[in-house]
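Peer 1: One structure, as structure tokens, below. Some questions next.
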Amino acid sequence: MKQNTMTKPITYENMFWLFMIGSVLGVILEGIWCLIRAGHWETHVVSMWGPFCIIYGFGAVGLYLGSVRLKNKSRVTQFLVFSLIAAVFEYACSWVLEYWLHMKAWDYSRHFLNIEGRVSLKMTVLWGALGIVFSRWLVPVIDKMFDRMQAKFWKAACIFMSVFMAVNLSLTAMCLVRWRDRHEGITPKNRVERVIDETYDDNKMEKRFCEWSFMDGKERAY
């Protein structure tokens, strides 16, 4: 089978834009899935500002890098590697969310052959299949997109958006920690935490992170 030879050199700018595009597309895909499954749209984000689900952003970058490294391997090998990487990444994200925030954002405990509800055979196979689709059909499109995004405008925009996302994700982390602390009855220790409590209260956080829920002591794995 003829292999793709279009893959471009790996640069921060290219990976950053892929991360951003993946983050937005992830929100859209999740919304469409909820529309099909439940009959209504849901916006699943992992940031305080903007329509960004950064898990999908990291996933898009990981799939691209994997496609580069595995482009000369068989489809079966690619499928197995993509499935394994996705399962490990999903398990790690779930564990960190539980350990750090005492929360969960998904639960596969009803799926056949699942591990602690964090990963399941069904989702692992799905991610592997998506990896093949990504590698086979999307990587060439992405490489062409990279060719069109080399002007000075895109480099300046990359710097601006990198700073924006650094601030955005830092704020997100602080708001999530305060959400957890409020749930556990911990009062704010300084003015910054008081401002966060006033600006991003429980009601706003519940609407923003609509699928996230706190776990009681019995549910935690540690």
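Just so you know, all these numbers are worked out from the coordinates, no wet-lab data involved. Just so you know, these numbers come straight off a predicted model, no measurement behind them. For neighbour counting, all protein chains shown are included, and Cβ atoms are generated from backbone atoms with ideal geometry for every residue, glycine included.
Peer 1: Sequence-distant or interchain residues sharing an amide H contact under 5 Å with Val45, placed H: which?
Peer 2: Here the answer is Cys210, since their amide H atoms fall under 5 Å of that of Val45.
Peer 1: Continuing with this model, one more query. What list of ³J(HN,Hα) values in whole Hz, one per residue of the range 163-177 in order, does the Karplus curve 6.51 cos²θ - 1.76 cosθ + 1.60 (θ = phi - 60°) give from phi, with Gly and Pro shown as x?
Peer 2: Listing the rounded values in order: 5, 4, 5, 4, 5, 4, 6, 5, 4, 4, 4, 5, 5, 5, 5 Hz.
Peer 1: Name the residues of the range 8-41 whose amide N is less than 12 Å from a point 7 angstrom out from the Cα of Leu169 along the C-beta direction?
Peer 2: 16-17, 19-20, 23
Peer 1: Extending each Cα 7 Å along its Cβ direction at Glu116 and Glu198, get the distance between those two points in nm, one decimal.
Peer 2: Computed distance between label sites Glu116 and Glu198 equals 4.0 nm.
Peer 1: Give the angle, between 0 and 90 degrees and rounded to the nearest 10, that separates the Cα long axis of helix 54-70 from the longest principal axis of the Cα atoms of the chain.
Peer 2: Helix 54-70 sits at roughly 30 degrees to that axis.
Peer 1: Pairs of alpha-carbon atoms within less than 8 angstrom and 6+ residues apart define the contacts here; what relative contact order does the range 67-222 have, in percent?
Peer 2: 28 percent
Peer 1: Right, another one. Positive end of the dipole of the chain, charges at C-beta (+1 Lys, Arg; -1 Asp, Glu), about the Cα centre: which of Ser109, Leu25, Leu138 has its Cα farthest in that direction?
Peer 2: Result: Leu138, furthest along the dipole toward the positive end.
Peer 1: Suppose every Lys and Arg Cβ carries +1 and every Asp and Glu Cβ carries -1, with no other charges. What dipole size does the range 40-131 come out with about its Cα centre, to the nearest 20 debye?
Peer 2: Dipole size: approximately 460 debye.
Peer 1: Compute the helix-to-body angle for 139-148: its Cα long axis versus the longest principal axis of the chain, expressed 0 to 90° and rounded to tens.
Peer 2: Between helix and principal axis, roughly 90 degrees.
Peer 1: Going toward the positive end of the dipole of the chain, with +1 on Lys and Arg Cβ and -1 on Asp and Glu Cβ, which of Met123, Ser83, Thr43 do you reach last?
Peer 2: About the Cα centre, the residue reaching furthest to the positive side is Ser83.
Peer 1: Among rounded, prolate and oblate, which fits the range 104-216 when a ≥ b ≥ c are the square roots of the eigenvalues of its C-alpha gyration tensor, a/c under 1.5 means rounded, and a/b larger than b/c means prolate?
Peer 2: Oblate, since a/c reaches 1.5 and b/c is not below a/b.
Peer 1: Moving to a separate point now. With the crude spin-label approximation of a point 7 Å out along Cα→Cβ, what separation in nm comes out for Phe160 versus Lys73?
Peer 2: 3.9 nm
Peer 1: Could you give the angle, 0 to 90 degrees to the nearest 10, between helix 121-133's Cα long axis and the longest principal axis of the Cα atoms of the chain?
Peer 2: The angle comes out near 40 degrees.
Peer 1: Taking the Cα centre of the range 67-222 as the origin, how large is its charge dipole in debye, to the nearest 20, when only Lys and Arg (+1) and Asp and Glu (-1) carry charge on their Cβ atoms?
Peer 2: 800 debye
Peer 1: Now, a different point. Looking at the square roots a ≥ b ≥ c of the eigenvalues of the Cα gyration tensor of the range 29-76, which shape do they give, rounded for a/c under 1.5, prolate if a/b is larger than b/c, or oblate?
Peer 2: Because a/c hits 1.5 or more and a/b fails to exceed b/c, the range 29-76 counts as oblate.
Peer 1: Any idea how far apart Tyr91 and Arg180 come out in nm if each label point goes 7 Å out from Cα toward Cβ?
Peer 2: 2.1 nm
Peer 1: Within the chain, what is the number of lysine pairs with alpha carbons under 29 Å apart, leaving out pairs fewer than eight places apart on the same chain?
Peer 2: 27
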